[in-house]
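To keep things clear, I will list the structure first and then write my remarks on it.
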Amino acid sequence: MVITVADDGDIPNPHYCNPLNPSTPQNPTAYVIIRECDVIFHSHTIRTVVTSSSSKLDSRIADTLAIPSQFHSTIVGFDAEWNPNTTAARNPIATIQLYAGEQCMIFQILHAPLIPRSLIHFLINPYVTFVGVGIVDDVIKLREDYSLNVPGFIDVAEFAAEEFNEKGLKNAGIKTMSLRFLGLEFEKPKRVSRSRWDRVCLTPEQVQYASVDAFLSYQLGNCLIGPEYL
């Protein structure tokens, strides 16, 4: 993929299609989504922003980098969603979820006309560690779909398998990990996980699903990963 940089330093999105005018895929006057809501999960309230706005993402990244950390690196819960691949063509990542500081950002990258320079720098920031379950696949796909690199990441399932010498944990899903280490039980219905993540307006179920995954990724990383790894 060839990357060209826009005048403001942002990068044109190779998968962007203006939902109001699909015939003009690089129209910068795109329909921009910004939704804010509280997602309730057990006793936790996850303050969530769903957006394709570059400026909103810029602001959230700045807030995250300003969070005081007792470690060398700031932990950020990370996850991504995309439409299920039902044909030979592979669907690109539709949303990126980032959780830190009691807030979740669901960035609808598929509907963003430009990929913000702030996101590019944030993902390669040596003082940020992205954590998740099965994060390796997300990181690889993000690089393949958008040429975005995430060098500083830890798969908490693989980390726990090695730390506790339990090989079975290596392939554990986030449900198993959350129940084992956080005592939190939840459901991951396939009707949501395999739904249309390319929607301009995500459903409440999708917002709940995406927010909880990023939240639990952060909590697992915060619980399991010691300062010597950060």
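The values are calculated or read from the model by the stated rules, or taken from the named source; none is laboratory data. What you are looking at is a predicted structure, and each value in this text was computed from that prediction instead of being measured. No Cβ is skipped: glycine too gets one built from the backbone with ideal geometry, and neighbour counts run over all protein chains shown.
Say we look at segment 84-110 and pick out the residues that are modelled with pLDDT of 95 or more and of a type in the set (S, T, N, Q); which of these is nearest to the chain's Cα centre (by Cα)?
In this case the residue turns out to be Q97.
Say whether the condition of being under 15 Å from P116 (Cβ atoms), touching a residue at least 60 places away in the same chain (Cβ under 8 Å) and either in contact with a Ser or Thr (Cβ under 9 Å, 6 or more places away or on another chain) or not in a helix (DSSP H, G or I) (or both) is met by at least one residue in segment 70-93.
No, that holds for no residue.
Which of the residues belonging to segment 155-186 are in contact (Cβ under 8 Å) with a residue 40 or more places away in the chain, closer than 15 Å to F215 by Cα and either assigned to a helix (DSSP H, G or I) or of a type in the set (V, I, T) (or both)? First the steps, then the outcome.
Residues of segment 155-186 in contact (Cβ under 8 Å) with a residue 40 or more places away in the chain: 156, 159-160, 163, 173-174, 177-178, 181-182, 184, 186.
When the remaining residues are screened for being closer than 15 Å to F215 by Cα, the result is 156, 173-174, 177-178, 181-182, 184, 186.
The answer is V156, I174, M177, S178, F181, L182.
How about segment 46-63: which of its residues are farther than 11 Å from C104 by Cβ and either touching a Ser or Thr at 6+ places or on another chain (Cβ under 7 Å) or not charged (D, E, K, R) (or both)?
T51, S52, S53, S54, S55, L57, D58, S59, I61, A62
Which of the residues belonging to segment 180-222 are over 17 Å from A80 (Cα atoms), surrounded by 14 or more Cβ atoms within 10 Å (Cβ to Cβ) and of a type outside the set (S, T, N, Q)?
Hits for segment 180-222 are R180, F181, L182, L184, F186.
Tell me which of these P116 doesn't satisfy, since it passes every other one: (1) in contact with a Leu (Cβ under 6 Å, 6 or more places away or on another chain); (2) under 22 Å from V212 (Cα atoms).
Failed condition: (2).
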